[in-house]
1. Going by what's in this entry, would Asp59 be described as at pLDDT below 90 and acidic (Asp, Glu)?
2. Can you tell me which residue in segment 161-218 is most open to solvent (accessible area, probe 1.4 Å), limited to those that are small (Gly, Ala, Ser) and in contact with a Ser or Thr (Cβ under 6 Å, 6 or more places away or on another chain)?
3. May I ask you to list the residues in segment 115-133 that are in a helix (DSSP H, G or I) and open to solvent by 20 Å² or more (accessible area, probe 1.4 Å)?
4. Of all residues in segment 179-220, which are of a type in the set (Gly, Ala, Ser) and either out of contact with any helix residue (DSSP H, G or I) (no Cβ under 7 Å at 6 or more places or on another chain) or outside any helix (DSSP H, G or I) (or both)?
5. Give segment 167-220 a look and list any residue that's within 21 Å of Asn115 (Cβ to Cβ) and charged (D, E, K, R), or say none.
6. Does Ala149 satisfy being modelled with pLDDT under 85 and outside the structural domain of Ser29 (by the TED database)?
7. In this structure, is Val234 over 30 Å from Thr163 (Cα atoms), at pLDDT below 80 and over 27 Å from the mean Cα position of the chain (by Cα)?
Amino acid sequence: MQSGNDGTKSSGSAFDRFRGALRILYHGSSPAALRFQMAVILVDLAIIAFFIASPVLRDQPSFLWVDYSVAALLAGDIVMRGLASSDALRWLRQSTVFVDIFILVTLLMPNTLANLGFLRILRLWSLSRSGMLWRPLRRAGYSSWRDAAHAVVNLLTFLFVVTGFVYTFFFREGSGIEGYVDALYFTVATVTTTGFGDIVLPGPWGKLTSIATMIIGISLFVRLAQAMFRPGKVFFPCPVCGLQRHDVDAVHCKACGTALKIPDPGD
């Protein structure tokens, strides 16, 4: 009986050590952790490239094999991120986790949910919300560009989501890569309100899609312009309340009033 208890205790300790190792790899700043994080980012970018191309690749014989392989990678990443979190239940309630789980479901059911496959590009948005993607930027001293980078990622995500939607529901039938390029061309022309008129979406649903694309796209362009030309925020954790973002010239934390000592650029 004692040995069984010892075995359970040993197993639990090994599991805790495993979680601790994952936490260091995902959130640490050691050379090994940074190499791991960079490898994860590169794999994620390759997966996102597959998601962008998947509407065109869907009819290829090897598509299902690649699809399920990506599903296995994504499932492993979700599980490991959950184990690396200090509060798994709180982590599960994050919107980015819901997005990743939805993407995983579309990968596991590629035929049933084929018309929702264009939403997989939302993985780019969820990746941009992880601190791992921005740590290299912060280490290089470009943390002030984080808002602009977020705005660029949001715009790119929207462009490819709309492109996938337009291709799936308006251009897909036998059009291949040419149809996807037409969908991307239409999306960019609509978002920028260029209005060439050489490619239009038919019917009332096509007009409604164009209207929504223009309104949301212009909003994202304005947000990008604001992030690039408006005085940004600095990332400096408040020692009392932990608020991360402050005005460049802030002397006190706007949340708790604590005096801040934000270093000037170049210090």
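1. Answer is yes for this residue.
2. Among residues in segment 161-218 that are small (Gly, Ala, Ser) and in contact with a Ser or Thr (Cβ under 6 Å, 6 or more places away or on another chain), the one most open to solvent (accessible area, probe 1.4 Å) is Ser210.
3. Asn115, Leu116, Phe118, Leu119, Leu122, Leu124, Trp125, Gly131, Leu133
4. Once the filter is applied, which keeps residues that are of a type in the set (Gly, Ala, Ser) and either out of contact with any helix residue (DSSP H, G or I) (no Cβ under 7 Å at 6 or more places or on another chain) or outside any helix (DSSP H, G or I) (or both), segment 179-220 yields Ala189, Gly195, Gly197, Gly203, Ala212, Ser219.
5. Within segment 167-220, Arg172, Glu173, Glu178, Asp182, Lys207 qualify.
6. Yes; evaluated as a whole, the condition is true for this residue.
7. In short, no.
The values are calculated or read from the model by the stated rules, or taken from the named source; none is laboratory data. Please read all numbers here as calculations on a predicted model, not as lab measurements. Positions of Cβ are generated from backbone atoms using ideal geometry, with glycine treated the same way; all protein chains shown enter the neighbour counts. With ligands, DNA and RNA removed, areas are computed over all heavy atoms of the protein, side chains included. Shrake-Rupley method; radii C 1.70, N 1.55, O 1.52, S 1.80 Å.
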